[in-house]
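Structure first, commentary second.
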């Protein structure tokens, strides 16, 4: 190929991409929005004041609490993934007046489709539904967005911080956005919130995708949400409203790609594809209005708590009001979390999927460790075998010496096949009959749905199967590292995604912040802080379970080199400190496995890597246990050697 030919091809590709970026005129944009607005259904399937809501002991108790002279808070940790989905579906079906949902990832697989079906049904019942999604990782198809904009007068959809006047970015468009608009592209809404009737809120790490609800076929996240009732839900609602009303939250029908679709094709049908595994949807829906199930899982285990605060960033973190918040400075959520850590006296229990710390956080932990009577800092995070973010793990691998020696961290890395985790194999559908190749049943099975016209239609077409090729694709922007690495053995694996913290067994935090540079200055984040010892102890027990020897490897100092150990250590330290060329092969730390034996009884409590007898029962198993490392070793070394500058964008 001649240089002239290559130049013409490049020019043609650039022209094609720029044509895709061409903006619609205001008149064209308004005309497309009118197409959506005029197509919106006015039909209401219910005339009752409660919008034919499903009976809910959760919402009934919340209403009674709100009406009392001294409203209290009740909190429930949602560790069990199917229950986290069940709670969402139940609350959506029980809504009387409004549903507000804010999220980073909203896929179009079974779990997300179920929630989307329920939101649509709620709108047709007469409930106001507002759905706020981040541009980079929410909804795969422009057609889906166009359909939702034209669905119903009660259903509104906005896209946060869209780049290039689009709701969806293809990979070529993503490359253009990275080149022209990196600052805007790199600032994302990471908040996750579901608020129903202003009475009940759910905050935590879970997005809307199969992997977050134990419905993934080969990989699932160990995650955590908090279900909360009480006055703090008002603060959640206020924060949602701030994002909804922000200049960067754009009605989807006014974005270029959605507007073009509406102009060229008209409004598409309501978005729905048949479920890939309808049997698991039936199993969940069989419990959605079961009073005994709801009581046992969501009422009885909830705690009365005090000292509750909802902390959250605002859109001004992204420079929409730069005079109020200079870009590049820690947001509200980060500031509050660092203040909590700085006040620790006995112990900081930290759980994060990505152990990549911002410079202010590093300085905070360094000062804490070198101060008088430093608290213990115990960290639960991913191993290379369990993470879905290979690059982020490579960055944390680079700084293991710093974490152990300078910060005093006790690090426990989650295993891909934990021996004891709140995971239900049956919930994935693995233990159920696969109906993918079976004909659709003649009649819709019993599924305990309210019998409004809209929900009946969704049920009738929804509980059928689709080919697997349409069900399991992950968003290209869902994580910083893509799919997990290959392991030495096959199996249904887990990766840690929970973001939680406990201070001195007295204060518990559940939220969206990964305690990383992105959460400090780039992403907007939120969390619930509860200064209640009973709650803190319960949350601590959940985190400690993930640290147990059967569920995690402990990171400890490897045996010193028999040849010039002081020189080896010094050169490794110097190499680590370089921004590039960190290529010294010897590393300070490695992974250890607890090995039961005559003097090492089975235990649920991991030993401290700083204990004098740590290596008596804990044996080294290499830097990347369970991983079929292959060429990934080269990738890890390249990123640890040359990629430290990438840590702020991970």
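Among residues belonging to the range 171-196 that are over 20 Å from residue 315 (Cα atoms) and touching a residue at least 40 places away in the same chain (Cβ under 8 Å), point out the one that is surrounded by the fewest Cβ atoms within 10 Å (Cβ to Cβ). Break it down into steps so the answer makes sense when it comes.
In the first step, residues of the range 171-196 are kept if they are over 20 Å from residue 315 (Cα atoms); the result is 171-180, 196.
Checking which are touching a residue at least 40 places away in the same chain (Cβ under 8 Å) leaves us with 171-174, 176, 196.
Values: 171: 8, 172: 12, 173: 17, 174: 17, 176: 19, 196: 29.
The selected residue is 171.
Which of the numbered conditions does residue 562 fail, given that it passes all the others? Conditions: (1) at pLDDT 95 or above; (2) in a loop (DSSP other than H, G, I, E, B); (3) within 30 Å of residue 616 (Cα to Cα).
Exception for residue 562: condition (1).
Residue 585 - would you say it is at pLDDT 65 or above and exposed (fewer than 12 other Cβ atoms within 10 Å of the Cβ)?
Details: at pLDDT 65 or above: no; exposed (fewer than 12 other Cβ atoms within 10 Å of the Cβ): yes.
The answer is no for residue 585.
Looking at (1) within 26 Å of residue 614 (Cα to Cα); (2) crowded, with 23+ Cβ neighbours inside 10 Å, which is the one condition that is false for residue 527?
(1)
Which one of 223, 211, 234, 218 is within 30 Å of residue 551 (Cα to Cα) and surrounded by fewer than 22 Cβ atoms within 10 Å (Cβ to Cβ)? Working first, answer last.
Working: 223 fails: surrounded by fewer than 22 Cβ atoms within 10 Å (Cβ to Cβ); 211 fails: surrounded by fewer than 22 Cβ atoms within 10 Å (Cβ to Cβ); 234 fails: within 30 Å of residue 551 (Cα to Cα).
Answer to the check: 218.
Does the range 174-191 contain at least one residue that is at pLDDT 95 or above and either more than 14 Å from residue 132 (Cα to Cα) or not in a strand (DSSP E or B) (or both)?
Yes, because at least one residue in the range 174-191 is at pLDDT 95 or above and either more than 14 Å from residue 132 (Cα to Cα) or not in a strand (DSSP E or B) (or both).
Can you tell me which residue within the range 111-145, out of those that are in contact (Cβ under 8 Å) with a residue 60 or more places away in the chain, within 15 Å of residue 98 (Cβ to Cβ) and not in a helix (DSSP H, G or I), is farthest from the chain's Cα centre (by Cα)?
126
Checking the condition within 22 Å of residue 359 (Cα to Cα), touching a strand residue (DSSP E or B) at 6+ places or on another chain (Cβ under 9 Å), modelled with pLDDT of 95 or more and crowded, with 21+ Cβ neighbours inside 10 Å, which residue from 311, 341 passes? Reasoning before the result, please.
On the way: 341 fails: crowded, with 21+ Cβ neighbours inside 10 Å.
Answer to the selection: 311.
Checking residue 89 against (1) surrounded by fewer than 24 Cβ atoms within 10 Å (Cβ to Cβ); (2) under 17 Å from residue 250 (Cβ atoms), which test does it fail?
(2)
Would you pick out the residues in the range 515-532 that are closer than 27 Å to residue 230 by Cα and not in a loop (DSSP other than H, G, I, E, B)?
Listed by number, the residues that qualify are 519, 524, 526, 527, 528, 529, 530.
Of the conditions (1) within 30 Å of residue 543 (Cα to Cα); (2) assigned to a helix (DSSP H, G or I); (3) in contact with a strand residue (DSSP E or B) (Cβ under 6 Å, 6 or more places away or on another chain), residue 89 fails just one. Which one is it?
Single failed check for residue 89: (3).
Any residue that is modelled with pLDDT of 95 or more, in contact with a strand residue (DSSP E or B) (Cβ under 9 Å, 6 or more places away or on another chain) and under 22 Å from residue 529 (Cβ atoms) - is there at least one of those in the range 380-402?
Yes, that holds for at least one residue.
Residues to consider are 56, 41; find the one that is surrounded by fewer than 20 Cβ atoms within 10 Å (Cβ to Cβ), closer than 30 Å to residue 276 by Cβ and in contact with a helix residue (DSSP H, G or I) (Cβ under 8 Å, 6 or more places away or on another chain). Please lay out each step first, then the result.
Values: 56 fails: surrounded by fewer than 20 Cβ atoms within 10 Å (Cβ to Cβ).
After applying the criteria, what remains is 41.
Does the range 374-410 hold any residues that are in a strand (DSSP E or B), over 18 Å from residue 359 (Cα atoms) and out of contact with any helix residue (DSSP H, G or I) (no Cβ under 6 Å at 6 or more places or on another chain), and which are they?
Let us first name the residues in the range 374-410 that are in a strand (DSSP E or B), namely 376-382, 409-410.
Filter once more, keeping what is over 18 Å from residue 359 (Cα atoms): 376, 378, 380-382, 410.
Once the filter is applied, which keeps residues that are in a strand (DSSP E or B), over 18 Å from residue 359 (Cα atoms) and out of contact with any helix residue (DSSP H, G or I) (no Cβ under 6 Å at 6 or more places or on another chain), the range 374-410 yields 376, 378, 381, 382, 410.
Tell me, which residue of the range 125-147 that is more than 22 Å from residue 190 (Cα to Cα) and touching a strand residue (DSSP E or B) at 6+ places or on another chain (Cβ under 8 Å) is surrounded by the most Cβ atoms within 10 Å (Cβ to Cβ)?
Applying the first criterion (more than 22 Å from residue 190 (Cα to Cα)) to the range 125-147 yields 125-128, 143, 146-147.
Now restrict to residues that are touching a strand residue (DSSP E or B) at 6+ places or on another chain (Cβ under 8 Å): 127-128.
Details: 127: 27, 128: 16.
The residue in question is 127.
The values are calculated or read from the model by the stated rules, or taken from the named source; none is laboratory data. Predicted model only: the values in this text are computed from it and were never measured. FYI the Cβ positions are ideal-geometry reconstructions off the backbone, even for glycines, and counts take in every protein chain you see.
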